[in-house]
Structures are given as structure tokens and as C-alpha cells.
1. Fewest Cβ neighbours within 10 Å first, please rank A:S205, B:S73, A:S199 accordingly.
2. In chain A, if the dipole is taken from +1 on Lys/Arg beta carbons and -1 on Asp/Glu beta carbons about the Cα centre, which of A:A119, A:G211, A:I19 is farthest to the positive end?
3. As a test of the formula, what do you get for chain B when each DSSP H run with n ≥ 4 contributes -39,500 (n - 2.57) and the sum is divided by the residue count, at 222 nm and rounded to the nearest 500 deg cm²/dmol?
4. Extending each Cα 7 Å along its Cβ direction at A:A234 and B:L161, get the distance between those two points in nm, one decimal.
5. Pop a pseudo-label 7 angstrom from the Cα along the beta-carbon direction at both A:A174 and B:L317 and give the gap in nm to one decimal.
6. Between the stretch A:182-241 and the stretch B:249-309, what is the separation of their alpha carbon centroids in Å?
7. Could you tell me how far the Cα centroid of the stretch A:142-159 sits from the Cα centroid of the stretch A:1-57, in Å?
8. Classify the stretch A:164-279 as rounded, prolate or oblate from the Cα gyration tensor: take a ≥ b ≥ c as the square roots of its eigenvalues, call it rounded if a/c is under 1.5, otherwise prolate when a/b beats b/c and oblate if not.
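What follows draws every value from the coordinates through simple rules; no lab data is involved. In this text the structure is predicted, and so the values were computed from the model without any measurement. Positions of Cβ are backbone-derived with ideal geometry, glycine not excepted, and every protein chain shown enters the neighbour counts.
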Amino acid sequence: MKRNSAFAALALGMLLLVIFAAFSVLPQRIAPYGVKEMFRAWQPISRAHLLGTNDMGYDIFTELVHAARNTLVIGLTSSVISLFLGTAIGLWAGYVSGVTGEVAGGIINVFLLVPMLPAAIVVAAYLGAGSGNTAAVIALLGWCPTARAVRARAAQLKQTAFVESLVILQIPKARIIFRHILPNLMETVLARYILSVSSCMMMESALSFIGLGDPSSVTWGGMVNFAYRNGGFARGALNWFLAPGLCITLCSLSFRLLNTFFEYRASLVRSGGAKSYME
Amino acid sequence: MKQTIRQLISAFACLLVIVAVNFFLPRMMPGDPVLMLTGLEDDLVSQAEYAMYREKLGLDAPVAAQLGLYVKSLLKLDLGHSYHYKRSVGSMLAERIPNTLRVAVPAVIISSLLAMLLATYAGSKNGGVGDASITGAMIIMNAVPVFLLCMLLITVFAYHLGWLPFGGLASANAHNAVADRLRHLVLPVTALSLSALPSKYLILRNQVAASTEEKYVLYARARGISENRIRYVHIFRNVSQTFVTMVGLNVGFVLSGSLIAENIFSIRGMGQLMTGAISARDFPTLQGCLFVSALAVIAADIVTRLVCLALDPKVRLGIYEAE
């Protein structure tokens, strides 16, 4: 990865994120119409309706802007919850040795195997539709990659000289874990968090597309679902289903681009400048 | 070896977790377990029917006895009865799984081969134009949800160009049955392959790029071995273990993707069964689908571990496990 392309990724990712953040913070300012304003149905793209109108006559661009907040909120909350779960279990599995550590490691391995979407569908079907439920389901099933990354890093840190000296100094275990190991994990955790937002959003869009989303607070995935069910797809109304689909793509892409930049930075630190075959 | 055994144990534990979820979820949810297990609506069930179902499901027995019965019926491959379709879940799945496999298996194979080829090419040209453009395209593709991909493919190739059918697995009156079936498979398999490709590619590319800096590559080059041979024989062997693991992990991903793709391409597979079951609140069917997908993922995982064991003497002999 070259320096320039890494910074280009950062700039593009930030730009996209700022746009979507503006959508979700100030939807009333950006959207040209109110959410419940109705017009003639099935209008094509025009000056008055940037993305046309849907089968009910709602302005699609307005709906798109308002859906940004719901989508981002579900993505961010579910990834925060899964971050806490993943960090806690990963720390436990990585640092604590003996039976409990084995158990925590086992839990991670077991949950890594659970087929995500089918499991999410079953749990979400039992819980019923609702933004909170969707976020909870995604978080409960999405913490494993974070836990795995944290476990690996924590196990690595445990071997380092500074942790060994802390142990020799008889610093209590809890203090070592929370005051000394945890701050060193921040980089790993943040990198995982960025990716996890993206994957949580993808998961949310898949669930909403299947029809398990919250009908009262529409997300982009839900918009695609409506377009698909109510004839937008059969009529080839690209403006209706492609626009929210592209928003999901771009939003998820923006987080992945940020991740690309952080990976580049991490690789610089690891390699410590020039590489050589002589070691 | 020890590592492999541990992983086999966790595969088995995963199956137990799924069984536990399937068993406890309907019994723990707020609401009546009879309604949760049958998926019937509260106001549509008469008193007599309710009592009949309650007895039939054995809900009056202690939980331990219920669990015993549940596990026993699973061991007999009895996945329960769908009160919505009025059929056994097992027979419906037996009907649907072949259709899912028809789409999912080619997608796993094609995406794995493509990922391997592209990754070895791009990884060995680390930083070049070819590498940058392929990797950039893959990062973008990784962000495209599978339903959007399916819809776009249909819009372009079926709706506008009219080259390929919109969906289904076969036409009613085709001249050449085999060619017709293949034509129907093109779009869903392409969509699934494209969605499964990027994640595998990105990991493999990094691995290949890292191994091009290893000493054995330098040594092979010094011996005058051609770049292509180094790439596809020497480096390939060294990343093959990651490759096999990726393919194994991908089975779950493709299965999830196929749940969505089947709906859009109107393929009568497990995914369509599942989405139909959601709107009908047909919980036994949903649970059966979850159980079968978990079985598939776990089977893939076990096969992966064994193949890795056969492939890599380092794993087989446990040389690097001391850490």
C-alpha cells in the first residue's frame, strides 16, 4: 500500500462519512420535502424530485435522507455493544490462563461457527420487528471477530517484558488487565470497531431486506425491501431501489476505506521503515 | 494435532449451542410457548386445539424431559412439524436443499478459484497497477450488499439486455434441458460468487504479498525458477492452508447470501422457505433451517480442518504448536 493511495482512501472515506453524518444530523435541512408529503406516484427523476417518487407518492430523496439516521444509529449502536462484548470476552480469553481462559477461548471458537444470517433471522423472528431488537440481534451475533482480534493481541501482550515485570511487582491481575493491557489494546479495538460498523450495517440491511426491519423507522435496507415488494424492482425503477442500495454500499465503503488507512499506518509501525532480507 | 482436536470439539459445541437456542428460545420468550412453538395466532386457536397442541408438544413435562425428547427426535433426524405448511420440516428441507446446493456449491468453487488466482497474481505484483486496480475493485465490491448485486444483475442482463432468464431454475418447455438449466444458473451463481469473492481475495492477497518477501522466494529466484512457477507452485503451496480455511469459512457466508439470492431469483430453495416462514410465523421451519445450515457450516469446518491436517506437515506433526 502506497502512501498516496492510503491518504486518498482516508480523504474519500471521511468525505462520504461527513455527507452521511450531515444526512442523519440535519435531515430536515437537507431533504427538500417533509417525510409525509405526498405527490403523484411513480414520477421519474426530475428537478423537483431528485430521485423521483415511489408507489405511494413519497419523494424518494427525502426518504433516503431520513433513513440515513436510522441506518447509522442501528449500525453504530450494535457495533458499540458488540465491541464491549468482544473486548471483554477477548481480554478474558487472551489474558486469563487455565480453565476459565480455555472456556472463554472455546466460547469464541463456538460462536465463530454459528451461521450468522440464519441465526439472526430466527432470533429476530422471535423477538419481532423493532430497531432496538435488530441492533441487539446483530450485536449478539457480531462480537466474535472483535473477540478473536482482542484475544490474539492480549495473549501477545501477556508475553511482553513490561507485563512480566508488572506480575513480578505483584500488581493485582485486575489492575494489570484494565490499566495496562486495555490501553494497549485500543488500536486493535478501534480498527475492529471501524470494520464492525460496516459489517453491522450490512447485516442490518440484509435483515431489513428480508422484511425483519422496523416498519416504523425505515432504513436503507428497508427502502430496498419496499421497492422490491411494491413493484419498484419489477418495473425497473432504478431510482427507487438503486439509490438506497448505493447508500448502503457507499456508507459501508467509507468505513472500509478508513480501515485501509489505519491498516497502512499499522503496517508502517510494524515494519519500522525499510525491510531487508538480512535479519 | 492438539489444535485440530480442540477445533473439532468446538465444532461439536457449536452444534449444541444451536440445539440449545432452538430449544430454549421459544420457551423463554415472553408469550405463550404453545403459540411460539406452533406459530399459531392467539385468536385463531380454539380452546380444544390449544389443549391438544399443548399435550402433543409435551409442554407439561419437566424441562429436562422435554429437552431429552427434543434431542432424541433430532438424532432421528426428525426436525419437527410445520403447522403452517402442514408437513414435516424434514421433508420440506429435503425438497429444497438440492436447489440451494445447485446455486451455492458452484458459487463456492468459482469464487474460491477466482480469489486464489487473482490473489496470487496481485499479491506477487505488490503495489503495481494491476494489484492496485484489482484490490481497489475488491474493496468496493466488498461493500455491495448481495441483494443489490442480484437486483443489478437481473436489471442489466435479464431486463435490459434480455440475455438470461429472470429467475427460477428451469423453463417449462425448453428445447435443450441441460442448457436451459445452466442458463438459469448463470445469474444467481455469478451474484453469489461475486459477493463471496472479495473477503477471500483480500486476505489471500495480503498473505501472498507477505510471502513474496520470504527467503524461499528469493532462493527460488536465485535458482532461476520462472516467476510463474514461483507464484503458482511455491507460493501457492505456502498459502494453501489459509486458502482451504477461507473456503471452509466461506460456506456459511455463501449459505447466508443464498438465503437472499434465492428470494430474488425465485429459486425454491432453503432461503425461500425461510423467508416464507418468517411472514407465516412458522417457527418450527425456521428452526429446522437454522439447524441444517449450522450442520452444513460445521461439516465444512471439520472437512477444512482435516484437509489442512493432510496438507500441512507443520500442523500434522505439531511442530509449531509449542508457542
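1. Values: A:S205 32, B:S73 12, A:S199 21.
Fewest-to-most ranking of A:S205, B:S73, A:S199: B:S73, A:S199, A:S205.
2. After comparing all options, I get A:I19.
3. Values: 13 runs with 230 residues, N = 323.
Counting only the DSSP helices, I get -24000 deg cm²/dmol.
4. Each label point is offset 7 Å from its Cα along the Cβ direction, giving 2.5 nm.
5. Label-label distance for A:A174 and B:L317, simple model: 4.8 nm.
6. Cα centroid to Cα centroid, the span is 20 Å.
7. With the stretch A:1-57 and the stretch A:142-159 each reduced to a Cα centre, they are spaced 37 Å.
8. Values: a/c = 5.60, a/b = 2.10, b/c = 2.67.
Since a/c reaches 1.5 but b/c is at least a/b, the shape of the stretch A:164-279 is classed as oblate.
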